[in-house]
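Have a look at the structure below, then the notes.
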Amino acid sequence: MFIVFIGPPGAGKGTQAERLVEQLKIPHLSTGELLRAAIEDGSDLGRQAQSFMDGGQLVPDSLVLNLISERLDNPELSAGCLFDGFPRNVQQAGLLDQLLDHRNRPLDMVLELQVEDEELTRRLLARQRPDDTPDTIAERLRVYANQTAPVLEYYARQGKLSSIDGNGSPEDVFARAQEAVRQLTSS
Ligand code: B4P
């Protein structure tokens with residue numbers, strides 16, 4: 001099963017993805033985590049990505065797509081995976097479709113986590129990651145509205161979008177995510 005997790009910064013994609021992959025027994029592919037690991041390693045990719053991430057901007061598509069296409073050829077991903085934080089613009093969504101079509105593995109579902117900006121800002125300020133400053137958070141929310149929200153329409157047109165309320169405790173949100181996946185697998 002191939003699932004995309006989408007939602008604004010701080011919606012809880014990473015938090016819920018960890019629970020879902022454990023339950024579904026599929027690998028977890030978080031572009032945010034891969035990029036942070038590249039920065040930590042001091043690789044060329046990490047050096048190129050860092051200024052974009054620090055400024056709350058999306059990292060250029062070419063860098064992100066290299067990361068993803070390399071991993072999709074890993075046999076561990078042949079049965080599926082959960083894409084967390086990818087795709088983040090319509091261009092990335094089109095390219096993901098091409099990568100999966102090429103492997104005869106269409107995307108099964110897209111799960112959207114919905115949370116209001118005020119709550120997102122509150123959660124991110126409490127976390128204190130380097131890109132969680134007030135100015136950077138505001139920029140990330142703008143980038144989400146302008147570049148990532150159109151991805152929701154892209155998947156809605158394909159009939160693959162399932163939206164859930166991301167408010168409440170992580171346990172409550174997980175129960176909603178499980179229900180959305182259950183509806184897909186029983187249909
Ligand atoms: P990501 O790593 O994807 O991070 P995120 O969107 O900020 O957070 P997420 O939604 O996963 O929140 P989390 O569960 O951690 O991206 C970081 C940056 O990488 C981007 O800004 C961009 O520059 C770059 N990037 C990544 N992918 C890219 C791509 N495809 N293309 C281009 N650039 C890309 O939760 C946040 C906090 O809320 C945590 O502290 C958590 O404990 C808390 N929380 C979670 N659920 C909660 C709940 N129900 N109630 C209360 N608190 C909760």
Check your understanding: If you check Gly80 against the conditions, is it under 18 Å from Arg36 (Cα atoms) and within 16 Å of the chain's Cα centre (by Cα)?
Key -> no
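Across segment 49-78, which residue is farthest from Pro106 (Cα to Cα) among those that are touching a residue at least 60 places away in the same chain (Cβ under 8 Å) and of a type in the set (A, V, I, L, M)?
Taking segment 49-78 first, the residues touching a residue at least 60 places away in the same chain (Cβ under 8 Å) are 53-58.
Next cut, of a type in the set (A, V, I, L, M) only: 53, 58.
Numbers: Met53: 30, Leu58: 25 Å.
Out of the qualifying residues, it is Met53.
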Exercise for review: Could you tell me which of the residues Asp73, Asp101, Asp97, Asp135 is under 17 Å from the mean Cα position of the chain (by Cα) and more than 15 Å from Ala11 (Cβ to Cβ)?
Suggested key: Asp97
Exercise for review: Quick one: Arg88 ticks every box in (1) surrounded by 18 or more Cβ atoms within 10 Å (Cβ to Cβ); (2) basic (Lys, Arg); (3) farther than 26 Å from Gly168 by Cβ except a single one, so which number is it?
Suggested key: (3)
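Take the conditions farther than 21 Å from Ile68 by Cα and of a type in the set (Asp, Glu) and apply them to Asp135. Does it pass? Before the answer, list the steps.
Details: farther than 21 Å from Ile68 by Cα: yes; of a type in the set (Asp, Glu): yes.
Yes; evaluated as a whole, the condition is true for this residue.
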Practice item. Given the conditions (1) farther than 25 Å from Lys160 by Cβ; (2) without any contact (Cβ under 8 Å) to a residue 40 or more places away in the chain, report the number of the one that Gln98 does not fulfil. Key: (1)
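Search segment 168-184 for residues being free of Cβ contacts under 8 Å to residues at least 60 places away in the same chain and part of a helix (DSSP H, G or I), and hand back the single one that is surrounded by the most Cβ atoms within 10 Å (Cβ to Cβ). Walk me through it before giving the result.
Residues of segment 168-184 that are free of Cβ contacts under 8 Å to residues at least 60 places away in the same chain, as a first pass: 168-169, 171-172, 175-176, 179, 182-183.
Within this subset, residues satisfying the condition of being part of a helix (DSSP H, G or I) are 171-172, 175-176, 179, 182-183.
Numbers: Glu171: 8, Asp172: 11, Ala175: 12, Arg176: 18, Glu179: 12, Arg182: 10, Gln183: 11.
In this case the residue turns out to be Arg176.
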**Study point:** Yes/no for Ile26 being within 25 Å of Ala180 (Cα to Cα), in contact with a Cys (Cβ under 7 Å, 6 or more places away or on another chain) and of a type outside the set (Ser, Thr, Tyr)
**Key:** yes
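Condition check ((1) more than 16 Å from Phe86 (Cα to Cα); (2) surrounded by 13 or more Cβ atoms within 10 Å (Cβ to Cβ)) across all residues:
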| position | (1), (2) |
| --- | --- |
| Arg123 | yes, yes |
| Pro130 | yes, no |
| Pro134 | yes, no |
| Gln147 | no, yes |
| Tyr154 | no, yes |
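For every residue, the table says whether it meets (1) surrounded by 14 or more Cβ atoms within 10 Å (Cβ to Cβ); (2) closer than 28 Å to Ala175 by Cα; (3) not hydrophobic (A, V, I, L, M, F, W, C).
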residue: Ile6; (1), (2), (3): yes, yes, no
residue: Gly14; (1), (2), (3): yes, yes, yes
residue: Thr31; (1), (2), (3): yes, yes, yes
residue: Gln50; (1), (2), (3): yes, no, yes
residue: Leu72; (1), (2), (3): yes, no, no
residue: Phe83; (1), (2), (3): yes, yes, no
residue: Leu96; (1), (2), (3): yes, yes, no
Check your understanding: Are there any pairs, at least 6 apart or on different chains, whose C-beta atoms fall under 8 Å, with the first in segment 140-164 and on the phi < 0 side of the Ramachandran plot and the second part of a helix (DSSP H, G or I) and among the aromatic types (Phe, Trp, Tyr), and if so, which?
Key -> Leu161/Tyr155
Practice item. Select from segment 120-167 the residues that are in a loop (DSSP other than H, G, I, E, B) and touching a strand residue (DSSP E or B) at 6+ places or on another chain (Cβ under 6 Å) and write down the one among them that is farthest from the ligand (Cβ to nearest atom). Key: Lys160
Check your understanding: Arg71: out of contact with any Ser or Thr (no Cβ under 8 Å at 6 or more places or on another chain) and at pLDDT 95 or above, yes or no?
Key -> no
Exercise for review: Within segment 39-48, identify whether any single residue is of a type in the set (Gly, Ala, Ser), in contact (Cβ under 8 Å) with a residue 12 or more places away in the chain and either within 30 Å of Val181 (Cα to Cα) or surrounded by 13 or more Cβ atoms within 10 Å (Cβ to Cβ) (or both), and answer yes or no.
Suggested key: no
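The values are calculated or read from the model by the stated rules, or taken from the named source; none is laboratory data. What you see is a predicted model; the values in this text were computed from it and never measured. Neighbour counts are summed over all protein chains in view; Cβ atoms, including those assigned to glycine, are modelled from backbone coordinates with ideal geometry.
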